[in-house]
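To start, the structure itself, in structure tokens.
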Amino acid sequence: LMNASDKMRPQPAYRGRFAPSPSGHLHFGSLITALASFLDAKKNNGTWLVRLEDIDPPREKKGASDHILKTLEAFGLHWDENILFQSQQFDYYLHLIEQLFNEQHCYYCQCTRGEIKAIGGIYQGHCRHLNIEKNNSAIRVINQYGIAQYHDLIQGNVSCDQTFAKEDFIIFRKDGLFAYQLAVVADDIFQNINHIIRGCDLLEPTARQLSFYQLLGDKPIQPVLSPLYGHIPLAITEQGYKLSKQNNAQAIDNNNPQPALFAALQFLGQQPPNDLKFSSVESIIKWAITHWQREFVPKKREIQTP
Ligand code: GLU
Ligand code: ZN
């Protein structure tokens with residue numbers, strides 16, 4: 001409950017981000033996410049950061065990072081502060097894992113995908129007390145909070161699948177890569193992010209991330225507060241597929257950004273006047289910041305793009 005002194009305490013300045021993985025060029029779906037997170041930050045006089053989530057080299061496409069940044073610039077989405085590359089954060093991630101081991105919040109696990117599939121697809125804590133050796137193992141976090149519900153800035157109350165939300169999830173993969181759940185939370189903390197606007201494909205993983213924050217924040221001296229999350233609808237093709245690098249429904253043209261920018265605003269439920277289509281990128285962005293209404297974004301998980 002808020003008391004009078006809480007109300008008077010100044011709100012921390014808004015810090016948001018766009019965190020693409022460089023597994024390909026930006027497509028219409030990721031443009032919408034970039035735009036929504038940018039507009040929400042700017043409307044709230046916030047700082048907007050770009051972080052490249054390059055922790056999975058096998059899935060990386062050469063030149064994708066550069067191309068993503070060029071596209072953001074062509075669309076007038078200028079970031080504040082330096083770009084953070086997750087590939088430069090490994091020491092920090094290792095330090096976090098070490099800390100989690102010291103506090104007995106995680107453990108090694110050697111269960112295979114096949115073994116987990118055989119018990120229904122959700123890991124049941126098999127290795128939690130087995131004291132497995134480091135050798136060739138994944139690392140799982142003891143998910144003691146198992147948060148399954150939260151309030152979303154756009155979707156309202158979200159309830160996730162309980163068994164998924166309570167699973168001891170992986171923070172370090174058997175193949176030697178850091179897991180998304182670890183890196184994303186670690187860096188949102190590192191960058192002091194307090195507002196996250198992103199696509200609905202991450203609605204369920206958010207529950208795990210909230211549990212992870214709880215775990216990491218369990219410190220009386222320096223509590224870590226979780227950010228607020230808002231999830232925008234996913235752009236899907238007429239056939240119901242998520243837009244991806246493979247089925248690029250609406251290719252993005254850096255040399256002619258206005259049509260895609262205009263379409264992205266409409267997708268987000270904003271109501272740009274028709275003549276804005278023929279304005280400069282700067283004018284479209286300026287209009288969009290001034291008129292941004294988070295409440296107009298559809299409360300849907302998916303929307304078809306023509
Ligand atoms: N890197 C993730 C992706 O491209 C997004 C991470 C996030 O926004 O939390 O899907
Ligand atoms: Zn196991």
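Each value in this text was obtained by applying a stated rule to the coordinates, not by laboratory testing. In this text, all values refer to a predicted model and were calculated from it rather than measured experimentally. Cβ coordinates were reconstructed from backbone atoms using ideal geometry, including for glycine residues, and neighbour counts include every protein chain displayed.
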Helix 64-74 vs. the chain, principal-axis angle (Cα, 0 to 90°, nearest 10): 30
Principal-axis tilt of helix 28-43 within the chain, Cα atoms, nearest 10 degrees: 80
With Cα atoms, 0 to 90° folded angle of helix 180-190 axis to the chain main axis: 70
Exposed GluC sites (Glu not before Pro) absent - longest run of the chain, DSSP non-H/G/I/E/B, at most 14 other C-beta within 10 Å: 134-237
Charge dipole of segment 132-211 about the Cα centre (unit charges at C-beta), most positive-ward option of C200, V185, I142: I142
Percent of Cα pairs exceeding the 13 Å cut-off, where the set is segment 38-102: 72
Neighbour-limited loop hits for trypsin sites (Lys or Arg not before Pro), segment 87-185 (at most 16 other Cβ within 10 Å; DSSP other than H, G, I, E, B): R128, K134, R173, K174
Full-extension gain in nm, F190 to D175, via 0.36 nm per residue minus C-alpha separation: 2.9 nm
q = 0.08, 0.09, 0.16 Å⁻¹: log10 I(q)/I(0) that the Debye formula gives for the chain, counting C-alpha atoms only: -0.38, -0.49, -1.43
